[in-house]
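Working notes for the structure below.
The values are calculated or read from the model by the stated rules, or taken from the named source; none is laboratory data. Every value quoted in this text rests on a predicted model; they were computed, and no experiment measured them. Please note: Cβ atoms are built from the backbone with ideal geometry, for glycine as well, and neighbour counts cover all protein chains shown.
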Amino acid sequence: MIKLNDEIILNIEKLTPNGCALARFEEEKFVVFVDGALCGEEVKVKITKLNKKYAKGEILEIIKPSKHRIKPPCALYNACGSCDFQICDYDYSILQKTLILKDIFKDITDEEKIYDVIKSPEILHYRHKIQYPSRRTKNSKRMLLGYYKNNSHDLINIKYCPIQPEIINEIAQFIRDNFIFDCYCEKTSKGLLKNVVFRITKDNKNILLSFVLNCNIDEYQKLYKSDFILFTKNITEKFSEIKGVFVNLNPDKSNKILSEIDIKIQGEDYIIETLEDKKYKIGPSSFFQVNPKSAINLFNTVKNQIKENSTILDAYGGVGAIGIFISDRAKKITLVEENKNAIKMAKENFKLNNIKNYEIYEGDAKKHLIDFQKEKRMFDYVILDPPRKGCDYDALLAVLKIAKNIIYVSCNPQTLKRDMLHLKKEGFSAKFIQGVDLFPYTHHIEAVVLFEKI
Ligand SMILES: C[S@@+](CC[C@H](N)C(=O)[O-])C[C@H]1O[C@@H](n2cnc3c(N)ncnc32)[C@H](O)[C@@H]1O
């Protein structure tokens, strides 16, 4: 039996949904998870964690490397850990994502219904929303902006990130060099700047910049406003791509990065993104897909399933991204969304795209879906695109009563599986599952599922 600190040799069997590799040790086939290994590799690991069900091993040596192993394109790969699939070539990572989906859904869906993941049009510089936590070093008070090291809250100062547009690296450096206030400290809950959030259109020409602050509106106006106005003037003079600068006031201790309180310091309220022939106003705190070019593939996967002249409910609709993209097929679109700022943008986006046959409901999707059920409403298609935690069970029960067809868009295959099981029990099964790669070089998988009544 394995013991802690043992050094053992393993053959990697597969990659798992959270990106780490799985091997089984000797005859007992005891499961050992290994970060940073690839299928078919022979690795020597040291056991660093052990419980009754599984162990974790840290690689000491890659004895037989995979032919798909590459040198990570990012110099900070070992320190940062956000892009865990940088160790293999892109085609291989796509194959692995398809295999991961097949593995997750094998007991509830036929394998041939799980299609190959669609590649991202870009694999570098694709990320168009960046959220950098900030910190100052203890002694020199140097400002750090970057990502946390894997499974930790150690902040890595990211001076160059190859998956984001180059201009963001330059603006981040300007902020490091010129920002005068202190940064937030999680341990003491003190300090001003929590995060810097960048949002940029896919042509890299229009940027919204937000400073997420640990203060309320009175404190902001009394203590910080005049300096932020000056800082904004300087940064927008240097970077003409920055079209709007905001502070987002978030004194809560929760993990939520952005509050709903955006205060504009200078410039535009929004930037405009274009996906095919549709235009979207995007505000500083509303959700929009981080990889817009790949989002076009995602949205077309949805659109291709929808028959002309349909009634469509876009639940968890955000700024209207999917509803508007598929609007040519709609008799009427009903959008439900809880974020006030996103609702405001959604209304403007329907107008911007000259869409008249729409209605918008603000608030919790569960409440509205249950109301629709009580009103005996029926939609040709209900599109569900919930956050990572998936759909509320009661919301799903209501969907079953109001949908002729269900299209589920998910960024978390695990909660998708849970929700699919609920739907299957009630008579809806998957016609197909289509993965779309929105997050190259990471293990994250976006998937679209079309359900049909059994
Ligand atoms: C994954 S995003 C999808 C947004 C949109 N479909 C898109 O592609 O841009 C999920 C959206 O659901 C919203 N949301 C989260 N929980 C919600 C709830 N309980 N009721 C309604 N909307 C919710 C979020 O504000 C966010 O806009």
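List of remarks:
- Yes/no for Lys307 being more than 10 Å from the ligand (Cβ to nearest atom) and closer than 29 Å to Pro162 by Cα: no
- Taken together, the residues in region 277-304 that are closer than 12 Å to Asn349 by Cα and either free of Cβ contacts under 8 Å to residues at least 40 places away in the same chain or within 13 Å of the ligand (Cβ to nearest atom) (or both) amount to 5.
- Filter result (crowded, with 16+ Cβ neighbours inside 10 Å, in contact (Cβ under 8 Å) with a residue 40 or more places away in the chain and out of contact with any helix residue (DSSP H, G or I) (no Cβ under 7 Å at 6 or more places or on another chain)) within region 151-170: Pro162, Ile163, Pro165, Ile167
Residues checked against (1) crowded, with 21+ Cβ neighbours inside 10 Å; (2) in contact with a helix residue (DSSP H, G or I) (Cβ under 8 Å, 6 or more places away or on another chain); (3) modelled with pLDDT of 95 or more:
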position	(1), (2), (3)
Phe211	yes, yes, yes
Asn234	no, yes, yes
Glu241	no, yes, yes
Val247	yes, yes, yes
Asp252	no, no, no
Asn255	no, no, no
Gln266	no, yes, yes
Glu273	yes, yes, yes
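- Filter result for Asn5 (out of contact with any Cys (no Cβ under 7 Å at 6 or more places or on another chain) and either on the phi < 0 side of the Ramachandran plot or surrounded by 15 or more Cβ atoms within 10 Å (Cβ to Cβ) (or both)): no
- Sole exception among (1) among the acidic types (Asp, Glu); (2) under 26 Å from Gly146 (Cα atoms); (3) free of Cβ contacts under 8 Å to residues at least 24 places away in the same chain for Glu111, by number: (2)
- Restricting attention to region 375-417, the residues being basic (Lys, Arg) and surrounded by 17 or more Cβ atoms within 10 Å (Cβ to Cβ) number 1.
Rundown of residues vs (1) out of contact with any helix residue (DSSP H, G or I) (no Cβ under 9 Å at 6 or more places or on another chain); (2) assigned by TED's automatic domain parsing to the domain that holds Leu421; (3) hydroxyl-bearing (Ser, Thr, Tyr); (4) at negative phi, yes/no style:
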residue: Lys332; (1), (2), (3), (4): yes, yes, no, yes
residue: Ile360; (1), (2), (3), (4): no, yes, no, yes
residue: Lys366; (1), (2), (3), (4): no, yes, no, yes
residue: Lys376; (1), (2), (3), (4): no, yes, no, no
residue: Arg388; (1), (2), (3), (4): no, yes, no, yes
residue: Asp392; (1), (2), (3), (4): no, yes, no, yes
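- Listed here are the strands (runs of 3 or more DSSP E) enclosed by region 152-228 that have at least 1 residues being over 27 Å from Gly81 (Cα atoms), and there are none.
- Among the residues making up region 41-61, a single one is aliphatic (A, V, I, L, M), surrounded by fewer than 18 Cβ atoms within 10 Å (Cβ to Cβ) and either free of Cβ contacts under 8 Å to residues at least 40 places away in the same chain or assigned to a loop (DSSP other than H, G, I, E, B) (or both): Ile59.
- Checked against (1) closer than 30 Å to Asn18 by Cβ; (2) in contact with a Phe, Trp or Tyr (Cβ under 8 Å, 6 or more places away or on another chain); (3) surrounded by fewer than 13 Cβ atoms within 10 Å (Cβ to Cβ), Asn178 meets all criteria but (1).
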